[in-house]
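The values are calculated or read from the model by the stated rules, or taken from the named source; none is laboratory data. On a predicted model such as this, the values are computed, not experimentally measured, just so you know. Heads up, the Cβs are rebuilt from the backbone with ideal geometry, glycines too, and the neighbour counts pull from every protein chain shown.
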Amino acid sequence: MKVIPTAIADVKVITPDAFVDGRGSFSETYNKVSFARHGIDLDIVQDNQSWSAAVGTIRGLHFQSPPKAQAKLVRVIRGRILDVAVDLRRRSQTYGRWVAEELSAENRKQLFVPIGFAHGLCTLEANTEILYKVTEYYSPSNDLGVAWDDPQLAIKWPASPSEAILSDRDRQQPAFNSLPAYFE
């Protein structure tokens, strides 16, 4: 597997090796020991899957606050997304900065989003399916977010505000500068 840090070093792009033969291919997408060798020590407790029907569907920016904060390992099993991670760690040199990576079933890339980051995505193809592993169980009382289109963050989404398909919840997320210091 290849593990490459992004412009925010704690967020990593992971590309599993593919073993191809006449039947198709096989990839090991997660192995605790292999990940630990690359400095990613995860205790996966839950596996989630989402499906988005239309291009321009935006999910996020979401995170869980401590003590139920989650790291995520995101991959696409059908379609394509722009996957985004925003640094919410107040004392980080990259606080308020974001990174994005195109993930697709074809490129097999995964994005590791550590604790202390908000996560969001935008579908680039119809009928896109995402799988993501998390290190903490879902906790409704810790389930929070930040506005996907916050001008302070200035994320370069591939869908304009008029084209974006969002949940009511994601349309009402708070501004970045109004967030308490969840991650010191």
* Within the stretch 9-38, count every residue that is touching a residue at least 60 places away in the same chain (Cβ under 8 Å), hydroxyl-bearing (S, T, Y) and either more than 30 Å from I165 (Cα to Cα) or touching a helix residue (DSSP H, G or I) at 6+ places or on another chain (Cβ under 6 Å) (or both). => 2
* Just one of (1) of a type in the set (D, E); (2) free of Cβ contacts under 8 Å to residues at least 60 places away in the same chain; (3) farther than 18 Å from D10 by Cα trips up D41, so point out which. => (3)
* Pick from the stretch 73-85, criterion hydrophobic (A, V, I, L, M, F, W, C) and in contact with a His (Cβ under 8 Å, 6 or more places away or on another chain), ranking: surrounded by the fewest Cβ atoms within 10 Å (Cβ to Cβ) -> V74
* Asked: Somewhere in the stretch 91-108, is a residue part of a loop (DSSP other than H, G, I, E, B) and touching a helix residue (DSSP H, G or I) at 6+ places or on another chain (Cβ under 8 Å)?
  -> yes
* **Residues of the stretch 29-47 satisfying the condition of being surrounded by 12 or more Cβ atoms within 10 Å (Cβ to Cβ) and β-branched (V, I, T)** => T29, I40, I44, V45
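Identify the residue in the stretch 128-138 that is within 17 Å of I58 (Cβ to Cβ) and of a type outside the set (A, V, I, L, M) and, among all such residues, is surrounded by the fewest Cβ atoms within 10 Å (Cβ to Cβ).
Ranking the candidates gives E129 first.
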* Note down all Cβ pairs under 6 Å where the first residue falls in the stretch 123-140 and is in contact (Cβ under 8 Å) with a residue 40 or more places away in the chain, the second is of a type in the set (S, T, Y), and they're at least six residues apart or on different chains. => T123/S52; T123/T57; T128/S52; I130/S50
* Asked: Just one of Q152, Q70 is at negative phi, surrounded by 23 or more Cβ atoms within 10 Å (Cβ to Cβ), part of a loop (DSSP other than H, G, I, E, B) and not β-branched (V, I, T); which is it?
  -> Q70
* Inter-residue pairs, beta-carbon under 6 Å, first under 13 Å from P5 (Cα atoms) and surrounded by fewer than 24 Cβ atoms within 10 Å (Cβ to Cβ) and in the stretch 105-118, second at pLDDT 95 or above and of a type in the set (S, T, Y), 6+ apart -> K109/T15
* Asked: Does S141 satisfy the condition of being small (G, A, S) and either buried (at least 19 other Cβ atoms within 10 Å of the Cβ) or within 30 Å of S25 (Cβ to Cβ) (or both)?
  -> no
* **Residue in the stretch 73-81 that is touching a residue at least 60 places away in the same chain (Cβ under 8 Å) and either of a type in the set (S, T, Y) or over 20 Å from L166 (Cβ atoms) (or both) present** => yes
* Asked: What do you reckon, is S160 farther than 14 Å from V84 by Cβ and part of a loop (DSSP other than H, G, I, E, B)?
  -> yes
